[in-house]
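The values are calculated or read from the model by the stated rules, or taken from the named source; none is laboratory data. Please read all numbers here as calculations on a predicted model, not as lab measurements. Cβ atoms come from the backbone with ideal geometry, glycine included; neighbour counts cover every protein chain shown.
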Amino acid sequence: MIVSTDALFKHAYKNYAVGAYNINNAEQIMGLFRGNMDSKAPFIVQLSKGARSYTDKRLLEAMIRAADEIFPDAVFAVHLDHGDEAACMDCIESGFYSSVMIDASGEEFDENIAITKRVVDAAHKKNVSVEAELGKLGGVEEHVSVDEADAKLTDPKQVQEFVERSGCDSLACAIGTSHGAYKFTGSQGLHFNVIEEIVKLLPGFPLVMHGSSSVPQDEVERINAAGGDLKGAKGVDEDQISKASKMGVTKVNIDTDGRLVWCRVHRELFLAKPDVFDLRPAGKIFMDEYAKYIMHKNEVLGSSGKLDDVRQAVQG
Ligand code: G3H
Ligand code: 13P
Ligand code: ZN
């Protein structure tokens, strides 16, 4: 059942965080739905701009609709990840998305507000909610690459004005994470003082943490042992993710970890069985392994076992 992102946030706020998982293909969708069903967790399926054009947005959306039929007990929201204004408008018009993220964090404060407000005005007419971003995460995505030197933590002094003037429904904050597999060089972690300050200024308002992959070291080691070269890859400590999930960080975005599972499964299989060239054996292992990863992550977020309760809350 596709539900509103707001309903998921209302249920989760300060109790647990909802996992927002990026998907690109059928195998990820199957693994994602199975993992969430097996751990009885609500979740958010998110599609980036790159994912929507990887095959065709209609194919990806149709697969999500099909998964909704295959897993009738699933409770989830559909979200556009890192949209520009045009992508947001397209998703809002489509009627399929529960929420969109307008990422105008590269713009100056006033321009970020102006763009976000235009998206909010269009979205709210269609009951779509809007995530906006203030501050700038470092790291690499398909469409954006931000040097660590240009990354900027969210300034708590700006959050009230930003939310009030833009009308956004949730706020992606830069609190020390970055996108991709190389997040930290030393022992850095989340800036809990920044989270605390923002929560104090915006009580009850859902915060979003991007760049939340934990880059499991056993995955990295297995990938490297099977011919990969991911030296120094490092992610967010899972204890820190659990702590943030109880503080007001209500949506936790994860993409890179799923790619690592995919990479490990394929590297290991093709290294061990050089005669295999069929795509299905690897796909099957990936779906199982990704489902296991999702179950584990939902434990970390605290969303495991919340499904029946959320369904009741949503249905009233
Ligand atoms: O934060 C961005 C996501 O990891 C999406 O990445 O644009 O390569 O699909 P992508
Ligand atoms: P990771 O690169 O840490 O998985 O972050 C994903 C993300 O923020 C998607 O919006
Ligand atoms: Zn992101």
For this session: Select, from 253, 224, the only residue that is within 14 Å of ligand 1 (Cβ to nearest atom) and either more than 21 Å from residue 201 (Cα to Cα) or not polar (S, T, N, Q) (or both).
Result: 253
Problem set entry | So residue 63, is it in contact (Cβ under 8 Å) with a residue 12 or more places away in the chain, out of contact with any Ser or Thr (no Cβ under 6 Å at 6 or more places or on another chain) and farther than 25 Å from residue 291 by Cβ | no
Exercise. If a residue has to be modelled with pLDDT under 85 and either crowded, with 20+ Cβ neighbours inside 10 Å or closer than 21 Å to residue 188 by Cα (or both) to count, how many in segment 142-173 make the cut?
Worked result: 7
For this session: Output the residues belonging to segment 38-62 that are surrounded by fewer than 19 Cβ atoms within 10 Å (Cβ to Cβ), in a helix (DSSP H, G or I) and not basic (Lys, Arg).
Result: 38, 50, 53, 54, 59, 61, 62
For this session: Kindly establish whether residue 114 is of a type in the set (A, V, I, L, M), more than 16 Å from ligand 2 (Cβ to nearest atom) and not in a strand (DSSP E or B).
Result: yes
For this session: Show the residue pairs that are 6+ apart or on different chains and have beta-carbon atoms under 9 Å apart, the first residue being within segment 242-268 and free of Cβ contacts under 8 Å to residues at least 60 places away in the same chain and among the acidic types (Asp, Glu), the second being part of a loop (DSSP other than H, G, I, E, B) and within 13 Å of ligand 3 (Cβ to nearest atom).
Result: 257/212; 257/213
Exercise. Quick check: anything in segment 284-302 assigned to a loop (DSSP other than H, G, I, E, B) and either surrounded by 17 or more Cβ atoms within 10 Å (Cβ to Cβ) or in contact (Cβ under 8 Å) with a residue 12 or more places away in the chain (or both)?
Worked result: yes
Problem set entry | Inter-residue pairs, beta-carbon under 7 Å, first aromatic (Phe, Trp, Tyr) and in segment 66-87, second not in a loop (DSSP other than H, G, I, E, B), 6+ apart | 71/33; 71/37; 76/2; 76/43; 76/44; 76/45
Exercise. If you take the residues of segment 231-262 that are more than 20 Å from residue 285 (Cα to Cα) and among the hydroxyl-bearing types (Ser, Thr, Tyr), which of them is surrounded by the fewest Cβ atoms within 10 Å (Cβ to Cβ)?
Worked result: 242
For this session: Scan segment 176-187 and report the pairs whose first residue is more than 11 Å from residue 212 (Cβ to Cβ) and whose second residue is modelled with pLDDT under 95 and within 15 Å of ligand 1 (Cβ to nearest atom), with Cβ atoms within less than 7 Å and a gap of 6+ or a chain change.
Result: 180/139; 180/140
For this session: Quickly run through segment 79-89 and pick out the residues that are within 16 Å of ligand 1 (Cβ to nearest atom) and acidic (Asp, Glu).
Result: 81, 84
Seminar exercise, completed: Going through segment 220-277 in order, the residues found to be in a helix (DSSP H, G or I), acidic (Asp, Glu) and either out of contact with any Ser or Thr (no Cβ under 6 Å at 6 or more places or on another chain) or within 16 Å of ligand 3 (Cβ to nearest atom) (or both) are 221, 239, 257, 268
